[in-house]
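Engineer: Can you read through this structure? Questions will come right after.
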Amino acid sequence: MTIQPLQSPQEEEPPRQLWQTALTPWTSPILPSPASLSKARSSLITSLPTTGLGFSETKNHIANDIIPGFNGSSLSANYYGFVTGGVTPAALLADNIVSAYDQNVQVHIPGHSVATDVEDRALTLLLELFDLDQNDWPHKTLTTGATASNVLGLALGREFVLRAAVERKHGGANQEVRSVAEYGVAEVLPAAGLKGVQVLSTYPHSSLGKAAGILGIGRANVKSVCAVDDAREGGRQRPLEFDFQILERELARGDMASIVAVSCGEVNTGQFATTGIEEFRKIRQLCDKYGAWLHVDGAFGMFSRILKGHEEFDRICKGCEGLELADSITGDGHKLLNVPYDCGFFFSRHAALAEEACRNPNAAYLSAGGGDPSIPSPNNNGIENSRRLRALPVYATLVAYGKDGYRDMLERQIRLARSVVAWLLQHTAYTVLPGAQTEEDFLQNTFMVVLFRAKDDGLNEVLVSKINATSEIYVSGTRWEGKPACRIAISNWRVNEEKDFETIIRVLEGVAK
Ligand SMILES: *Cc1c(COP(=O)(O)O)cnc(C)c1O
């Protein structure tokens, strides 16, 4: 089978129906059956064909063998594992166009494509969605997800804090070796008179450790500055609370430069590290005092900024007050924004520093052709040199549904989570986590994640597998304060408060019996 240039437009129809089925309600079990999975696995072509199967047969192979091995993590409204989001119809349409037209968001050359403009505009619309002033965030880019955004956050932070340390040590005197990106950690640390860089956080997402590992900061240098257990009955109620004394003690260390990372939405509890602008300001002031970088991991939590001004969600809104004071912010597109994998975003105030940290050196053939300087070349402010136009689904979904559409979606997700919490609190078989809060506090503090366990230890050990065996809903297991716990994370645009509540409690009631 040769790959022939197309002779006429009709020659090979794109397989439209295959992806458009994603627009209909999901009726299959949430996880594929063991039989479909093993059939899909054993159908995979084991060695590279010399003569290809051709378009049609490949299409059938994908449709009949591979797709039945997929799960409904994105297409089912009742998949509550991890935080996966779904794909809105507008984002789905746009994503298929992205593949079809295959635009490379790379160098910004205005005469060649509108692609970089789309990305720039999508990012500006996101800033608007989160009520962040676009003048404050000149460096913005799309990434493959919050992990990549955290890598950028720590890379910029590392550049900033070490550069500042070298300048402090040499009193602003001409000291050539100060850029980590140029000279590497091993040369800059001695020039700064430091032993290393540390990341101070409370319940950071695991990806922050990964980012620290990749960047030569070291996973072991991601340190907890949680408030020490206050031994309130039933465990910690605000597990993410900063201990400001420990924080300041660490920031004041003479041998380490520091990045402070605020968990704005923690995956197990859905809780926030801060409770309002005052606390955030305090962190900002400490960072300024000690020359630290302030990064926010708001992968899904920053979406609570959409709720601004709603009393019902007051506590949640307070959780991401003050983000505007950070140096850099991580957000995820493929979670609550409900665009397809993979998509994350990253904002920072420091455009020149970003170019220092991410510059693609000495590639004359890539230099932008004297284009519009208001859109910097994506080659010099992010990780990749070439990337897909993942901005188009972001742009499309924001334009299609607007701020109100997103607010409405998130409100339904939170209300469903709170209905489940209220139901669990009344139930004799279940305990809601974290801590022993009043019912009012539990409800007010619930974002779109419900963390709970069974009171009976025997049931608790098998709780997640019993729930998932129903195939009606899917939840993820985790551990909380040393014991197994169960998470329901509601993140799909398909959420239906009443219908999904009925489904969830039917399953949980059945499992408790
Ligand atoms: C999901 C998540 C991440 C990692 O995101 P990916 O999109 O999987 O790379 C990082 N931080 C937080 C808070 C998250 O919830």
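Engineer: When region 206-219 is examined, which residues are found to be more than 15 Å from the ligand (Cβ to nearest atom) and buried (at least 18 other Cβ atoms within 10 Å of the Cβ)?
Structural biologist: Leu215, Ile217 - these are the residues of region 206-219 that are more than 15 Å from the ligand (Cβ to nearest atom) and buried (at least 18 other Cβ atoms within 10 Å of the Cβ).
Engineer: Among all residue pairs at least 6 apart or on different chains, which show Cβ distances below 9 Å where the first residue, located in region 83-110, is not assigned by TED's automatic domain parsing to the domain that holds Thr478 and the second is part of a helix (DSSP H, G or I) and of a type in the set (Lys, Arg)?
Structural biologist: As it stands, the answer is Asn96/Arg16, since those pairs meet every condition given.
Engineer: Are any residues in region 263-286 β-branched (Val, Ile, Thr) and assigned to a helix (DSSP H, G or I), and if so, which ones?
Structural biologist: Of region 263-286, the ones β-branched (Val, Ile, Thr) are 267, 269, 274-275, 277, 283.
Across region 263-286, the qualifying residues are Ile277, Ile283.
Engineer: Given (1) away from the ligand (no atom under 13 Å from the Cβ); (2) assigned to a strand (DSSP E or B), where does Ile306 come up short, assuming only one miss?
Structural biologist: Just one mismatch for Ile306, condition (2).
Engineer: Sticking with this structure for a sec: Considering region 70-98 alone, what residues qualify as being among the β-branched types (Val, Ile, Thr), open to solvent by 10 Å² or more (accessible area, probe 1.4 Å), closer than 14 Å to Asn492 by Cα and in contact with a helix residue (DSSP H, G or I) (Cβ under 8 Å, 6 or more places away or on another chain)?
Structural biologist: Residue satisfying the conditions is Val87 alone.
Engineer: Please go through region 341-357 and give me each residue that is within 16 Å of the ligand (Cβ to nearest atom) and in a loop (DSSP other than H, G, I, E, B), ordered by number. Step through it out loud before you land on a result.
Structural biologist: Taking region 341-357 first, the residues within 16 Å of the ligand (Cβ to nearest atom) are 341-347.
Selection gives Tyr341, Asp342, Cys343.
Engineer: Could I ask something else about it? Would you confirm whether or not region 141-158 contains a residue that is of a type in the set (A, V, I, L, M) and more than 30 Å from Ile375 (Cα to Cα)? Steps first, please.
Structural biologist: Quick first cut of region 141-158, residues of a type in the set (A, V, I, L, M) only: 142, 146, 148, 151-152, 154-156.
Filter once more, keeping what is more than 30 Å from Ile375 (Cα to Cα): none.
Looking for residues that are of a type in the set (A, V, I, L, M) and more than 30 Å from Ile375 (Cα to Cα), one finds none in region 141-158, hence no.
Engineer: Being open to solvent by 20 Å² or more (accessible area, probe 1.4 Å), within 16 Å of the ligand (Cβ to nearest atom) and closer than 20 Å to Val151 by Cα is true for just one of Val185, Val222. Which residue is that?
Structural biologist: On the way: Val185 fails: within 16 Å of the ligand (Cβ to nearest atom).
Exactly one residue qualifies, and that residue is Val222.
Engineer: Do we have any residue at all in region 418-428 that's open to solvent by 10 Å² or more (accessible area, probe 1.4 Å), under 26 Å from the mean Cα position of the chain (by Cα) and not assigned by TED's automatic domain parsing to the domain that holds Phe300? Quick ask: steps written out before the conclusion?
Structural biologist: Of all residues in region 418-428, those open to solvent by 10 Å² or more (accessible area, probe 1.4 Å) come to 418-419, 422-423, 425-428.
From what is left, the residues that are under 26 Å from the mean Cα position of the chain (by Cα) are 418-419.
Within this subset, residues satisfying the condition of being not assigned by TED's automatic domain parsing to the domain that holds Phe300 are 418-419.
Yes, region 418-428 has at least one match.
Engineer: So which residues in region 478-496 are crowded, with 16+ Cβ neighbours inside 10 Å and not hydroxyl-bearing (Ser, Thr, Tyr)? Show your work before the answer.
Structural biologist: Start the filter on region 478-496 by keeping residues that are crowded, with 16+ Cβ neighbours inside 10 Å, which leaves 478, 480, 484-495.
Result: Trp480, Pro484, Ala485, Cys486, Arg487, Ile488, Ala489, Ile490, Asn492, Trp493, Arg494, Val495.
Let's see how each residue does on (1) outside any loop (DSSP other than H, G, I, E, B); (2) of a type outside the set (Asp, Glu):
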{"site": "Ile45", "(1), (2)": "no, yes"}
{"site": "Leu48", "(1), (2)": "no, yes"}
{"site": "Ser56", "(1), (2)": "yes, yes"}
{"site": "Asp65", "(1), (2)": "yes, no"}
{"site": "Ser76", "(1), (2)": "no, yes"}
{"site": "Ala90", "(1), (2)": "yes, yes"}
{"site": "Ala100", "(1), (2)": "yes, yes"}
{"site": "Gln103", "(1), (2)": "no, yes"}
{"site": "Gln106", "(1), (2)": "no, yes"}
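Engineer: Something else now. Out of everything in region 483-498 that is touching a residue at least 24 places away in the same chain (Cβ under 8 Å) and not hydrophobic (A, V, I, L, M, F, W, C), what residue ends up being farthest from Arg412 (Cα to Cα)?
Structural biologist: Start the filter on region 483-498 by keeping residues that are touching a residue at least 24 places away in the same chain (Cβ under 8 Å), which leaves 483-497.
Applying the additional criterion that residues be not hydrophobic (A, V, I, L, M, F, W, C) yields 483-484, 487, 491-492, 494, 496-497.
Details: Lys483: 30, Pro484: 28, Arg487: 18, Ser491: 10, Asn492: 10, Arg494: 10, Asn496: 7, Glu497: 6 Å.
That would be Lys483.
Engineer: Next question, about the same structure. Only one residue in Val118, Val161 is closer than 15 Å to Gly196 by Cα, more than 16 Å from the ligand (Cβ to nearest atom) and assigned to a helix (DSSP H, G or I). Which one?
Structural biologist: Details: Val118 fails: closer than 15 Å to Gly196 by Cα.
Going through Val118, Val161 in turn, just one is closer than 15 Å to Gly196 by Cα, more than 16 Å from the ligand (Cβ to nearest atom) and assigned to a helix (DSSP H, G or I): Val161.
Engineer: Report, by residue number, each residue of region 309-327 that is more than 13 Å from the ligand (Cβ to nearest atom) and either open to solvent by less than 20 Å² (accessible area, probe 1.4 Å) or not charged (D, E, K, R) (or both). Give the derivation first.
Structural biologist: The first filter runs over region 309-327 and keeps only residues more than 13 Å from the ligand (Cβ to nearest atom), leaving 309-318, 321-327.
Result: Gly309, His310, Phe313, Ile316, Cys317, Gly322, Leu323, Leu325, Ala326, Asp327.
Engineer: Okay, next question. Within the group Asn360, Asn338, which residue is on the phi > 0 side of the Ramachandran plot and either assigned to a strand (DSSP E or B) or outside the structural domain of Thr503 (by TED's automatic domain parsing) (or both)?
Structural biologist: Details: Asn360 fails: on the phi > 0 side of the Ramachandran plot.
Sole residue among the options that is on the phi > 0 side of the Ramachandran plot and either assigned to a strand (DSSP E or B) or outside the structural domain of Thr503 (by TED's automatic domain parsing) (or both): Asn338.
Engineer: Have a look at Phe242, Phe280 and point out the one that is closer than 16 Å to Pro204 by Cβ and either open to solvent by less than 10 Å² (accessible area, probe 1.4 Å) or out of contact with any Lys or Arg (no Cβ under 7 Å at 6 or more places or on another chain) (or both). Break it down stepwise before answering.
Structural biologist: Values: Phe280 fails: closer than 16 Å to Pro204 by Cβ.
Among Phe242, Phe280, only Phe242 is closer than 16 Å to Pro204 by Cβ and either open to solvent by less than 10 Å² (accessible area, probe 1.4 Å) or out of contact with any Lys or Arg (no Cβ under 7 Å at 6 or more places or on another chain) (or both).
Engineer: Could I ask something else about it? Could you tell me which numbered condition Arg249 fails, if it satisfies all but one of (1) away from the ligand (no atom under 16 Å from the Cβ); (2) basic (Lys, Arg); (3) surrounded by 15 or more Cβ atoms within 10 Å (Cβ to Cβ); (4) not in a loop (DSSP other than H, G, I, E, B)?
Structural biologist: Answer for Arg249: the failing condition is (3).
Engineer: State whether one or more residues within region 211-224 are of a type outside the set (D, E, K, R) and in contact with an Asp or Glu (Cβ under 7 Å, 6 or more places away or on another chain).
Structural biologist: Our first condition is that a residue be of a type outside the set (D, E, K, R); within region 211-224, this holds for 211-218, 220-222, 224.
Checking the rest, the ones that are also in contact with an Asp or Glu (Cβ under 7 Å, 6 or more places away or on another chain) come to none.
No, region 211-224 has no match at all.
Engineer: So how many residues does region 175-214 have that are charged (D, E, K, R) and assigned to a helix (DSSP H, G or I)? Walk me through it before giving the result.
Structural biologist: Going through region 175-214, the residues charged (D, E, K, R) turn out to be 176, 178, 182, 187, 195, 210.
Now drop any that are not assigned to a helix (DSSP H, G or I), which leaves 182, 187, 210.
Matching residues across region 175-214 total 3.
Engineer: Quick one: in region 287-298, which of the residues that are open to solvent by 10 Å² or more (accessible area, probe 1.4 Å) and not in a helix (DSSP H, G or I) is nearest to the ligand (Cβ to nearest atom)?
Structural biologist: Narrowing region 287-298 to residues open to solvent by 10 Å² or more (accessible area, probe 1.4 Å): 288-291, 297.
Now restrict to residues that are not in a helix (DSSP H, G or I): 291, 297.
Values: Gly291: 25, Asp297: 5 Å.
Within region 287-298, the match that is nearest to the ligand (Cβ to nearest atom) is Asp297.
Engineer: Restricting attention to region 124-145, does a residue exist that is within 16 Å of the ligand (Cβ to nearest atom), of a type in the set (A, V, I, L, M) and touching a residue at least 12 places away in the same chain (Cβ under 8 Å)? Full working, then the answer.
Structural biologist: Of all residues in region 124-145, those within 16 Å of the ligand (Cβ to nearest atom) come to 126, 130, 141-145.
Cutting the leftovers down to of a type in the set (A, V, I, L, M) gives us 126, 142.
Pick out the ones that are also touching a residue at least 12 places away in the same chain (Cβ under 8 Å) and you get 126, 142.
The answer is yes; a qualifying residue exists.
Engineer: Quick one: would you say Ala436 is within 25 Å of Asn150 (Cα to Cα) and either part of a helix (DSSP H, G or I) or among the hydrophobic types (A, V, I, L, M, F, W, C) (or both)?
Structural biologist: Details: within 25 Å of Asn150 (Cα to Cα): no; either part of a helix (DSSP H, G or I) or among the hydrophobic types (A, V, I, L, M, F, W, C) (or both): yes.
No; evaluated as a whole, the condition is false for this residue.
The values are calculated or read from the model by the stated rules, or taken from the named source; none is laboratory data. The shown structure was predicted, so the numbers you read here are calculated from the model rather than taken from an experiment. Positions of Cβ are backbone-derived with ideal geometry, glycine not excepted, and every protein chain shown enters the neighbour counts. For the accessible areas, the whole protein counts, side chains as well, though only heavy atoms, and no ligand, DNA or RNA atoms are used. Shrake-Rupley method; radii C 1.70, N 1.55, O 1.52, S 1.80 Å.
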